[in-house]
Amino acid sequence: MKTGKGYALRWFTPKVEVDLCGHATLATAFVLSLDPDTAAGTYHFQTNSGELTVTQERDWFTLDFPARPLETPDNTDALVSKVADICGARPVNLATSAGNCLAELENEAIVRSITPEPARVMTLDFKGLIVTARGADCDFVSRFFAPRVGINEDPVTGSLLQPDSLLASHYRQARIYRQAGLGPRRRPALPLRRGTGRHERTGGVV
């Protein structure tokens, strides 16, 4: 919906409304870019997470979105054991943020191989479970499971509830990353830039 500055934007899963969804925001900017009456080069969206901005450069769209700070979970040992039981692999690092649980596993091969049952993921007291590891041909890989909100596994590994912003905060040694999604629809590595309080995700349209 058009507003005074840009557009009002909301996102919904099959079960609930969510406060941030990066890929859908990029897709919205792409649709607006197709109409000469709405094409602008820079698109402003008013959302439950504040103002989000998408800039277009040729066929590429870059979303500026808020960073999500990471926290050390309560009862870490118990949560590590529970996640290990669900994934069949023990996390080497664990953090929480924005209602999600982030579990770093030992390597990419383990992230690829896990098959957590949705019913067991739902026993975690979180909206979603992000599983990640250092990548072999990219900086990191990730998968995202969110059966509590109606998505057993996010097919593009990073749009729902914006786990990318958590991953950028977690892998904080560098400023630019190339992330490969390992969800049901594997996606190529795309740049993710970490800033101060904000992150940028750049993607094309397929």
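The numbers here are math on the coordinates, done by the rules we state, and not lab data. Every value quoted in this text rests on a predicted model; they were computed, and no experiment measured them. Cβ atoms come from the backbone with ideal geometry, glycine included; neighbour counts cover every protein chain shown.
For Lys15, a cut-off of 22 angstrom between C-alpha atoms picks up these lysines, skipping any fewer than 8 places away in its own chain: Lys127.
Taking amide hydrogens as placed 1.01 Å from N in the peptide plane, the amide H of Phe140 sits under 5 Å from those of Gly135, Arg178, Ala180, each at least 5 positions away in sequence or on another chain. The stretch between Asn152 and His44 holds 35.8 nm of extra length on full extension. This uses 0.36 nm per residue minus the Cα-Cα distance. For the stretch 83-92, 3J(HN,Hα) computed residue by residue from phi via the Karplus equation (6.51, -1.76, 1.60; θ = phi - 60°) reads 5, 4, 5, 6, 8, x, 7, 7, x, 8 Hz, glycine and proline entered as x. Residues whose amide H falls under 5 Å from that of Val18, counting only those 5 or more places apart or on a different chain, are Trp11, Phe12, Thr13, with hydrogens built in the peptide plane. Other residues whose C-beta falls under 14 angstrom from the C-beta of Pro118 contribute a net charge of +2, scoring Lys and Arg +1 and Asp and Glu -1.
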